[in-house]
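Only one structure is covered here, and it is reproduced in the block below.
The values are calculated or read from the model by the stated rules, or taken from the named source; none is laboratory data. Since the model is a prediction, treat every value here as computed from it, not as a measurement. Don't worry about glycine lacking a Cβ; one is built from the backbone with ideal geometry, like all the others, and counts go over all protein chains shown. These accessible areas exclude ligands, DNA and RNA; they are computed on the full protein's heavy atoms, side chains included. Shrake-Rupley method; radii C 1.70, N 1.55, O 1.52, S 1.80 Å.
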Amino acid sequence: MKTNVHLFKTGSRTDVGKVRKHNEDSLIIKPPLYAVADGMGGHEAGEVASDIAIQTIANEAPTSVDPNALRAAVVAANKAIIQGAREGVGRPGMGTTLTAAVIEEDDLLIAQVGDSRAYLLHDGELQQLTRDHSLMEELVSSGQITEEEARYHPNRSIITRALGSDPTAQPDLYELQVSAGDRLLLCSDGLSGMLEPEELERILAGDEDPQKVADKLVDAANAAGGFDNITVLVIDIDTVRPRIEQKRRRHFRIGIISFLLVFLLLTAAACTGLYLYASNSAFLIAEDGQVSVYRGLTGDIAGISLKWHEESTGVALKDLNTTTAKRLEQGVQMDSLDSANELIEQYRQQIDQRKSGDLGVDN
Ligand code: MN
């Protein structure tokens, strides 16, 4: 569950237009959810259908960019409309389009059914994000008519997918990244069917605040004839990403620093331990024909020599037996200086005994 929903600056307006008696469109701004719905069914049933869709999506939509959850919310809206018609709320056959957006940081998720649209103004250029579920879209994409012809086609309002009729209806989902400075538009066909894309782009690229832009769009659609209900929702994407990036970077840096600290501490502990061990140890070694006593360790550890000369004992190698002399050439590690000194003392006694024994034999 997201606790910190960003509040983008928005502008919106829904208008009955110049021809229709009722406004069957609905919209909602419930950050991070933004949606428009264009109801149909006549005798005010379209209003009921678009209202059920908007209320259901408001209750069921995820509060983060979660495609499966948004899809499930749209499926629930479809079921609610079908059930409503069955129970006498509105009329049988009522239906609605739905274009719903969830924005989390710079992630944009859109669910789309019908011919309401989402557009994104990025770097002053307008791109249509969604694909209509309409007869015109099919004729245009199969190359049978041009976009210009579709705009004035008598069957231009026939849609091929809506909520409220087919119980298995699914939305199309779109996921994309948005940037600070982008402007998102959700609208019903009462806007996109009345204005050329160039006109939409020109008005959206104006630097007015989003409410002024929403008003201008509705006014322009009415000025062009206002044949249908007109609903627009304009969302200005402002800076949210840098804050998050800083947070991630800081966490990363803290991670690196912690790792280095732990590494240094462990290394220091290991070195200290080794130093203490070495300085308490001792060894005997043959040097210049006699036995020397060292504190520390024979040999090197990782290229470091840990030994300190303690004493040249004057015990001559030639006075010791050959096995002992050979071992002393390699070094004899002792666990303490005391035991090293004790061993030297033993050597001296052995030498003394041998010398007195030799004398005894000789004498
Ligand atoms: Mn419409």
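Tabulated values for the structure
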| item | result |
| --- | --- |
| Checklist (1) open to solvent by 10 Å² or more (accessible area, probe 1.4 Å); (2) in contact with a strand residue (DSSP E or B) (Cβ under 8 Å, 6 or more places away or on another chain); (3) under 18 Å from PRO167 (Cβ atoms); (4) of a type in the set (Ser, Thr, Tyr) applied to THR96, failing item | (1) |
| Filter result for GLY255 (modelled with pLDDT of 85 or more and either at positive phi or open to solvent by 30 Å² or more (accessible area, probe 1.4 Å) (or both)) | no |
| Boolean, ILE82 is of a type outside the set (D, E, K, R), within 17 Å of LEU27 (Cα to Cα) and either in contact (Cβ under 8 Å) with a residue 40 or more places away in the chain or open to solvent by 70 Å² or more (accessible area, probe 1.4 Å) (or both) | no |
| Condition check for LEU191: assigned by TED's automatic domain parsing to the domain that holds ILE230 and under 34 Å from the mean Cα position of the chain (by Cα) | no |
| Meets criteria (assigned to a loop (DSSP other than H, G, I, E, B), assigned by TED's automatic domain parsing to the domain that holds MET94 and away from the ligand (no atom under 16 Å from the Cβ)) for PRO154 | no |
| Those residues of the range 221-242 which are in a helix (DSSP H, G or I), within 16 Å of the ligand (Cβ to nearest atom) and open to solvent by 10 Å² or more (accessible area, probe 1.4 Å), in sequence order | ASN222 |
| Residue that is nearest to the ligand (Cβ to nearest atom), among those in the range 1-17 that are part of a strand (DSSP E or B) and either under 18 Å from LEU108 (Cβ atoms) or not assigned by TED's automatic domain parsing to the domain that holds ALA162 (or both) | SER12 |
| Boolean, GLY95 is touching a helix residue (DSSP H, G or I) at 6+ places or on another chain (Cβ under 6 Å), within 16 Å of the ligand (Cβ to nearest atom) and not hydrophobic (A, V, I, L, M, F, W, C) | yes |
| Any hit, the range 139-151, residues being open to solvent by 30 Å² or more (accessible area, probe 1.4 Å) and within 16 Å of the ligand (Cβ to nearest atom) | yes |
| Failed item in (1) open to solvent by 30 Å² or more (accessible area, probe 1.4 Å); (2) closer than 28 Å to ILE158 by Cβ; (3) more than 16 Å from the ligand (Cβ to nearest atom), with LEU109 passing the rest | (1) |
| Enumeration of residues in the range 57-77 that are surrounded by 22 or more Cβ atoms within 10 Å (Cβ to Cβ) and touching a helix residue (DSSP H, G or I) at 6+ places or on another chain (Cβ under 8 Å) | ILE57, ALA61, ALA73, VAL74, ALA77 |
| Members of the range 20-52 found to be modelled with pLDDT of 95 or more, more than 14 Å from SER188 (Cα to Cα) and among the aliphatic types (A, V, I, L, M), listed by number | ILE29, LEU33, VAL48, ALA49, ILE52 |
| The range 166-198, residues that are away from the ligand (no atom under 16 Å from the Cβ) and in a loop (DSSP other than H, G, I, E, B) | ASP166, PRO167, THR168, ALA169, GLN170, PRO171, VAL178, SER179, ALA180, GLY181, ASP182, GLU196 |
| Qualifying residues in the range 85-101 (those that are at pLDDT 95 or above and of a type in the set (Gly, Ala, Ser)) - the one nearest to ASP132 (Cα to Cα) | ALA100 |
| Pair list, Cβ < 7 Å and 6+ apart or interchain, from the range 169-190 residues that are within 22 Å of GLY11 (Cα to Cα) to residues that are modelled with pLDDT of 95 or more and part of a helix (DSSP H, G or I) | ARG183/LEU204; LEU185/LEU204; GLY190/ALA221 |
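To keep it simple, each residue is scored yes or no on (1) out of contact with any Leu (no Cβ under 8 Å at 6 or more places or on another chain); (2) more than 14 Å from the ligand (Cβ to nearest atom).
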| position | (1), (2) |
| --- | --- |
| HIS22 | yes, no |
| PRO31 | no, yes |
| GLY39 | yes, no |
| ASP51 | yes, yes |
| ILE57 | no, yes |
| GLU60 | yes, yes |
